[in-house]
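The values are calculated or read from the model by the stated rules, or taken from the named source; none is laboratory data. All figures in this text were calculated on a predicted structure; none of them were measured in a lab. Cβ: placed from backbone, ideal geometry, glycine included. Neighbour counts: every protein chain shown. Accessible surface is based on the protein model in full, side chains and every heavy atom, while ligands, DNA and RNA are left aside. Shrake-Rupley method; radii C 1.70, N 1.55, O 1.52, S 1.80 Å.
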Amino acid sequence: MSRPFLAATPILVRRERASLAATLLAPPMALIVTVILNLGLYVVMGRDPAAVVHAMLIEPFFSWASFSEVLLKTGPLLLIAQGLAIGFRAKVFNIGAEGQFVLGAIFASAIPIWWPDATGQWIWPAMLLFGAMGGAFWASLTAFWRVRLNANEILVSLMLSFVAVQLLNYLLLGPWKDPNGFNFPQSVMFQYDAMVPILIEGTRVNVALILAVLLSIAAWVFMQKSFIGYKLQVGGLAPRAASYAGFRESWAIWLSLLIGGAAAGLAGAAEVAGPLGQLQRSISTGYGYAAIIVAYLGGLHPIGIVISAIVMSALYIGGDNAMVSANLPVAAVRVFQGSLLLAYLVAIAFARYRLAWRPAAMRSPT
């Protein structure tokens, strides 16, 4: 007769206080692990790992042409990620920033499309304002469904992103299609005054980067120094305590989604009024989804998000370089980005939790 034994089950137990060093080391450790894992993938694919790493991680920072493009992509990623992080810290998960980005581009494009002969320095600021309004409007649909109908904001915001893309397709294949565009699904080219000013001569970097930095500063002040930001954080960390103190959940949902939507819409407006110069179907480039990785990789902290936005922008440009110089498929670049987020989530989990063993019921081996 066999003797019964106690089987232990591994569980994660939250630490009383997360180590600051472990929290700060989580992003670089995640990047190192991601590089190691993907090097194995490149070997299996028959690519030169050294050439891929050089093109993806080194060349973007040591070539001025590439680094200027990194700065260009940092603007929209930083804008969207800072807006999303405010909601994420309040436990309001806006996954539809891509659709809000597209609506911002559509709203902003309405001015130069409807008034192509308009002139004056008021045009591009008005476009940015309209873009922020468009993104906030699209996010308000999610807020309404969440507050009034208790619908899951993750699903609603995500599904609305697909609706936004279809609305974009309708406009560019119908009423907003350039009649002289050789049947391409795109709008007319915008006039000079509808373009945001260039920040660095000889590059495509524009004032959207300055706006992103200013928004980052504003996000830090809002979340760290303002009472409203404090209420949002309390609502995310301790919903019952926030409710007992009179903080309304519906108010937090509306505010978080409107801020995230406005930031994404502003980024969309800056994209059509900046490097594109017209409304195109290619405006939907995945910035809204990549910004989620940026927000979490930055620890949902405004300063950390600035650093992670630069890293993710470098991966965008480095991925393009690797596709050309190392014949790397675009899917492999996206795998790198996704595995980076996964590695970070695992690293930050072990920074905040410790592994423990819980005794299970007595069982007899078969």
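Distance from the C-alpha centroid of the stretch 85-136 to that of the stretch 165-186: 19 Å, rounded to the whole angstrom. Of the solvent-accessible surface of the chain, computed with a 1.4 Å probe and all protein chains present, 68% belongs to carbon and sulfur. Take every pair of alpha-carbon atoms less than 8 Å apart whose residues are at least six positions apart; their mean separation over the length of the stretch 270-365 yields a relative contact order of 17 percent. Each Lys or Arg adds one and each Asp or Glu takes one away; over the other residues whose Cβ falls under 12 Å from the Cβ of Thr23, this sums to +3.
Let me know the volume per residue of the alpha-carbon convex hull for the stretch 110-217, in Å³.
Hull volume normalised by residue count: 155 Å³.
A P(r) calculated from all alpha carbon pairs of the stretch 18-64, with 10 Å bins opening at zero, reads 24, 38, 27, 10, 0 percent.
Our compactness index for the stretch 59-177, the C-alpha radius of gyration over the empirical 2.2 N^0.38 Å, is 1.24.
Do the sum for the chain: with -39,500 (n - 2.57) for every DSSP H run of n ≥ 4, divided by all residues, what is the mean residue ellipticity at 222 nm, to the nearest 500 deg cm²/dmol?
Helices in the chain give a 222 nm mean residue ellipticity of -22500 deg cm²/dmol.
Give the angle, between 0 and 90 degrees and rounded to the nearest 10, that separates the Cα long axis of helix 123-149 from the longest principal axis of the Cα atoms of the chain. Its long axis makes an angle of about 40 degrees. For Val213, the accessible area of its heavy atoms, probed at 1.4 Å with every protein chain present, is near 70 square angstrom. At q = 0.07, 0.12, 0.13 Å⁻¹ the log10 of I(q)/I(0) for the chain amounts to -0.36, -0.95, -1.09, computed by Debye summation with a single uniform scatterer per C-alpha, solvent ignored. If you sort Phe107, Phe247, Phe137 by accessible surface, 1.4 Å probe, largest first, the order is Phe137, Phe107, Phe247. Seen against the Cα atoms of the chain and their longest principal axis, helix 153-173 is set at about 20 degrees. Measuring spread by the Cα atoms of the stretch 4-121 yields a radius of gyration and Dmax of 22.8, 86 Å.
Its relative contact order, with pairs defined as Cα atoms under 8 Å and 6+ residues apart, puts the chain at 39 percent. Treating the angle as unsigned and between 0 and 90°, give the value, to the nearest 10°, between the Cα long axis of helix 249-271 and the longest Cα principal axis of the chain. The answer is roughly 50 degrees. Cross-link reach is defined here as a Cα-Cα straight distance under 12 Å, omitting same-chain residues fewer than 8 places apart; for Lys91 the aspartates and glutamates meeting it are Glu153, Glu249. Tyr289 contributes about 90 Å² of solvent-accessible surface, heavy atoms of the protein only, 1.4 Å probe. Computed with every protein chain present, the accessible area of Glu69 is close to 40 Å² [probe 1.4 Å]. Rolling a 1.4 Å probe over the heavy atoms of the protein chains gives the chain an accessible area of 51 Å² per residue.
Which residue, Leu37, Ala118, Asn169, has the largest displacement toward the positive end of the dipole of the chain when charges sit on each Cβ (Lys, Arg +1; Asp, Glu -1)? The residue sitting farthest along the positive end of the dipole is Leu37.
Quote the charge dipole size of the chain about the Cα centre in Debye, to the nearest 20; the model charges only the Cβ of Lys and Arg (+1) and of Asp and Glu (-1).
1940 debye
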